[in-house]
Amino acid sequence: MTAGFAASLGVGTASAAPVSGSTNSGSWTFNRTISNGTPVPGETITVTNNIRWNGGLAPTISAFKDIHPACLTYVANSSRVSGKGVGTDSSDPTVVRMTGSWIRSAVDRNIDYTVQYTVGQNCARDVALTTGAGISANQGTGSETANAGPSITVAKSATTTSLTVSPVPQVDSVSTLTATVSGGVAGVVEFSNNGVVLGTGTAVDGVATYSWTPGVADAGQSFSVIAKYLGDASNAASVSVAQTGTVAAAPAVPAAPSDVVVSPAAVVVGDTVTVSGKAEAGSSVVVTAGGQTCSATADVGGVFSCDVVVDVVGSVSVTAVASNGVGSGPASVPVSVEVSKRATATSLTVSPVPQVDSVSTLTATVSGGVAGVVEFSNNGVVLGTGTAVDGVATYSWTPGVADAGQSFSVIAKYLGDASNAASVSVAQTGTVAAAPAVPAAPSDVVVSPAAVVVGDTVTVSGKAEAGSSVVVTAGGQTCSATADVGGVFSCDVVVDVVGSVSVTAVASNGVGSGPASVPVSVEVSKRATATSLTVSPVPQVDSVSTLTATVSGGVAGVVEFSNNGVVLGTGTAVDGVATYSWTPGVADAGQSFSVIAKYLGDASNAASVSVAQTGTVAAAPVGSVVIAVNPAAPISGAPSAITVTGADTGTDVTIKVGAETICTATVTADGTATCTWTPTAAGSQVLTVDVTVGGTANTVTKVVTVEAEEVPGSPTGSLGSLAGLLGSS
């Protein structure tokens, strides 16, 4: 049955008719017009307010307020004052506020604004919705009239209702009456037949249903079903076109299917057969063959057909039962299909070759991936059984001492099951090998080269049992190799200790590990190093000079610094570099210096001494030059002020950190030079300042400790400008 067309009883969309009203509000007159006084939801309306100033003063207007029902939504950027765009606030759902500055006077009394709204579905229907206006001005001339008008009235939305009835009404069967109301509205739908109300349904997303079950008295009677949407506060009522016809009599169960045929009539278990026959048109037919079923629907001619797998062996009975909405009918006359077992084939592998006291795995593979039991035997004597999983069964056989040198003939027999026939493999034959032994000690072990530096790689080679795994040990290090078919092995190992290092090799096989080879040795010496030294800046009384030793190979360890044979102190080498800070005293002024750096070596690296750095310790700089840092403990990443006091006025002061120049500043009349320094790393830093004191160039240093960067606090916001909040006129 197809859906009927809806007949609408709702209210149609009226043509647009403007409404106007004039109201005095304080010293102002509001002449307001709304483009349509009877809009429909979704329509856009325009409000125009022609305002006249009636007073004698010359007020300045700062804002207009258009008051409207909350169900009207302001159209963004639609507001205009005297035809120009204006800053607008529509955050209040009942007010649109337009701000700016407009001056009125006796010769310029009139001003107007327009604003647009979209009419919402939530507007009350068939009631007057009031509008109003207000104005803000100086000199106390502002005024507001919330009900200035005019009012608008939103009509109810027209609806249409359609109806479907499915399936065709029949005695004692449920027909679903489905009403669809346009616009996806909610509300109540009344269903009736031949003018008698059957019941109601609640529309959800515009759809309401009712279940109708005709009684015995309705059999053969005409029906005329309609659906009436009763409407609500926003939507008008509407009635569907009637769905008509005759109520069918109650159904009966189908007769037994006939002409049932199985094809083919003889199969192997697990095969598929096709069962066909005739039954009531449209009925559901279930075919049963042994423990399996298949289903089909009889076509308009009553013919059905489906495929079923036969899973038991023997003469299998096949029947068919048809059913409809009333129930299931009797079974068909049984027919049979002859089902035989599935043939199988079994293969066998034995791995590894049988050997006394060693496990050989007997693996049987049965075709078709079947399950069941496999029996394994040797020379006709059953060894044991295995369970086939996905057609594979295994058994572990360990020949005894008495089997050594004896012939074997192993077979696997699949014993079959309810669906699969038994089968026997081809025999696997041969002679049982004697028990294995551990390998002998490797021989002819050679280390090449025989003398190396610690950390170098040597190659160890020799001979061992073919196929055995050989582990070579040299001091605390090992390497591994597998002896080839000729018994030759070779591997590389790093020697990590100094001295005469013993090297041995041990071979192992499936039985175990053999004895170690006769030891051979490799002579391992320490790694030579070279140490270089720099002294910067040139030593000077009361100034820090950094002694930097660089040891070849980037080694770690301790470096000893001395001057004229007297130890100054030590430094720890990191990546081969060690430093020491030396500050000569007053007694050193004018004295010769001879500074050396001695790397003391370690377990792997030999000691080395640098070439001496020589010269004369300079006297302390003339005058009193002071370096001040603010803050005293700078923070990494934050700016600090460096002030140098005591140098000659008008001369340049150069400030460095290490080799990097921070800045150059000129000494002012007050005797100071200042610059800004932003440290990039935490830790001890040496400031070097080149100054002129008493006409003589000098260098002054200062050690400062830079603190780690502080965790920043939460950022603070700032107030926006007033201009950002107001629109332009």
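Tabulated data
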| quantity | calculated |
| --- | --- |
| Some residue of the range 68-79 being touching a residue at least 24 places away in the same chain (Cβ under 8 Å), farther than 16 Å from Thr33 by Cβ and in contact with an Asp or Glu (Cβ under 7 Å, 6 or more places away or on another chain) | no |
| Qualifying position, being out of contact with any Cys (no Cβ under 8 Å at 6 or more places or on another chain) and buried (at least 17 other Cβ atoms within 10 Å of the Cβ), among Gly475, Gly467, Gly499 | Gly475 |
| Segments classed as strands (runs of 3 or more DSSP E), wholly inside the range 450-516, with at least 2 members that are in contact with an Asp or Glu (Cβ under 7 Å, 6 or more places away or on another chain) and under 30 Å from Val353 (Cα atoms) | 457-463 |
| Failed criterion for Val181 (all others in (1) of a type in the set (Val, Ile, Thr); (2) surrounded by 14 or more Cβ atoms within 10 Å (Cβ to Cβ); (3) more than 30 Å from Thr202 (Cβ to Cβ) hold) | (3) |
| Only listed residue being farther than 15 Å from Ser545 by Cα, assigned by TED's automatic domain parsing to the domain that holds Ala681 and not hydroxyl-bearing (Ser, Thr, Tyr), chosen from Gly601, Gly590, Gly650, Gly576 | Gly650 |
| Condition check for Ser317: in the same structural domain as Pro334 (by TED's automatic domain parsing) and buried (at least 16 other Cβ atoms within 10 Å of the Cβ) | no |
| Residue selected from the range 564-586 under the condition touching a Ser or Thr at 6+ places or on another chain (Cβ under 9 Å), in a strand (DSSP E or B) and of a type outside the set (Ser, Thr, Tyr), by the criterion surrounded by the fewest Cβ atoms within 10 Å (Cβ to Cβ) | Gly569 |
| Selection within the range 483-493 - over 15 Å from Gly467 (Cβ atoms) and surrounded by fewer than 16 Cβ atoms within 10 Å (Cβ to Cβ) | Asp492 |
| Residue list for the range 456-473, restricted to those being closer than 12 Å to Ser517 by Cβ and of a type outside the set (Lys, Arg) | Val460, Ser461, Gly462, Ala464, Val470, Val471, Val472, Thr473 |
| Hey, Ser263 out of contact with any Phe, Trp or Tyr (no Cβ under 8 Å at 6 or more places or on another chain) and in contact (Cβ under 8 Å) with a residue 40 or more places away in the chain or not | no |
| Selected residue (only one of Val497, Val535 is under 25 Å from Ala607 (Cα atoms), assigned by TED's automatic domain parsing to the domain that holds Ser610 and either among the aliphatic types (A, V, I, L, M) or within 50 Å of the chain's Cα centre (by Cα) (or both)) | Val535 |
| Total residues in the range 414-449, condition part of a strand (DSSP E or B), in contact (Cβ under 8 Å) with a residue 24 or more places away in the chain and either over 25 Å from Phe376 (Cα atoms) or not hydroxyl-bearing (Ser, Thr, Tyr) (or both) | 9 |
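Results for (1) in a helix (DSSP H, G or I); (2) over 16 Å from Ser543 (Cα atoms); (3) modelled with pLDDT under 95; (4) among the charged types (D, E, K, R), shown as yes or no for each residue.
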| position | (1), (2), (3), (4) |
| --- | --- |
| Ser562 | no, yes, no, no |
| Lys598 | no, yes, no, yes |
| Gly615 | no, no, no, no |
| Val622 | no, no, yes, no |
| Ala641 | no, yes, yes, no |
| Ala647 | no, yes, yes, no |
| Cys663 | no, yes, yes, no |
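Quick grid of which residues meet (1) of a type in the set (Ser, Thr, Tyr); (2) in contact with a Lys or Arg (Cβ under 6 Å, 6 or more places away or on another chain); (3) at pLDDT 95 or above; (4) not assigned by TED's automatic domain parsing to the domain that holds Glu375:
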position: Thr272; (1), (2), (3), (4): yes, no, yes, yes
position: Ser276; (1), (2), (3), (4): yes, no, yes, yes
position: Ala296; (1), (2), (3), (4): no, no, yes, yes
position: Val312; (1), (2), (3), (4): no, no, no, yes
position: Asn324; (1), (2), (3), (4): no, no, no, yes
position: Gln355; (1), (2), (3), (4): no, no, no, no
position: Ser358; (1), (2), (3), (4): yes, no, no, no
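The values are calculated or read from the model by the stated rules, or taken from the named source; none is laboratory data. None of these values were measured; they are calculated from a predicted model. Here Cβ is always computed from backbone atoms with ideal geometry, including for glycine, and neighbour counts include all displayed protein chains.
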